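Below is one structure; the comments refer to it alone.
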Amino acid sequence: MKKAAALKYNRKDGQGAPRVVALGKGNVAKKIIEKAQENGIPLYEDPVVVEKLIELDINQEIPEDLYQTVAEILAYIYKLTQK
């Protein structure tokens with residue numbers, strides 16, 4: 001079953017860590033992915049990370065054990081969007 005999680009992070013907002021803004025499985029996951037694509041939001045696939053994120057609540061900050069992984073994902077996305 002397809003799973004998806006969407007994160008939001010804006011250091012200008014003074015947020016401590018990225019927050020979960022959408023979670024879904026199956027058709028909901030497909031809709032999350034479609035909305036991201038429609039809005040030009042880069043996608044990053046990592047089944048291990050999504051399994052951890054899918055257990056969180058909407059608007060919850062990511063747990064500390066995901067900081068390094070999510071930082072690497074954000075750096076990857078930043079490089080993609082700067083090209």
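Restricting attention to segment 6-29, does a residue exist that is in a helix (DSSP H, G or I), among the charged types (D, E, K, R), loosely packed, with under 15 Cβ neighbours inside 10 Å and at pLDDT 95 or above?
No.
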### Query
Any idea which residue in segment 30-61 is modelled with the highest pLDDT, counting only those that are within 11 Å of the chain's Cα centre (by Cα), outside any helix (DSSP H, G or I) and over 17 Å from ASN10 (Cβ atoms)?
ILE54
#### Entry: Tabulated pairs, segment 33-54, first without any contact (Cβ under 8 Å) to a residue 12 or more places away in the chain and farther than 18 Å from LYS79 by Cβ, second in a helix (DSSP H, G or I) and of a type in the set (A, V, I, L, M, F, W, C), C-beta under 6 angstrom, 6+ apart or interchain
none
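Regarding segment 37-55, can at least one residue be identified that is of a type in the set (D, E, K, R) and more than 28 Å from GLN82 (Cβ to Cβ)?
Scanning segment 37-55 turns up at least one residue that is of a type in the set (D, E, K, R) and more than 28 Å from GLN82 (Cβ to Cβ).
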## Note on the structure
Scanning segment 6-32 for residues that are touching a residue at least 40 places away in the same chain (Cβ under 8 Å) and closer than 15 Å to ILE77 by Cα gives LEU7, TYR9, PRO18
### Query
Is segment 62-81 home to any residue that is of a type in the set (S, T, N, Q), in a loop (DSSP other than H, G, I, E, B) and either surrounded by 11 or more Cβ atoms within 10 Å (Cβ to Cβ) or in contact (Cβ under 8 Å) with a residue 60 or more places away in the chain (or both)?
no
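The values are calculated or read from the model by the stated rules, or taken from the named source; none is laboratory data. If you're wondering where the values come from, they're calculated on a predicted model, not measured in any experiment. Note: ideal-geometry Cβ built from the backbone for every residue, glycine included; neighbour counts use all protein chains shown.
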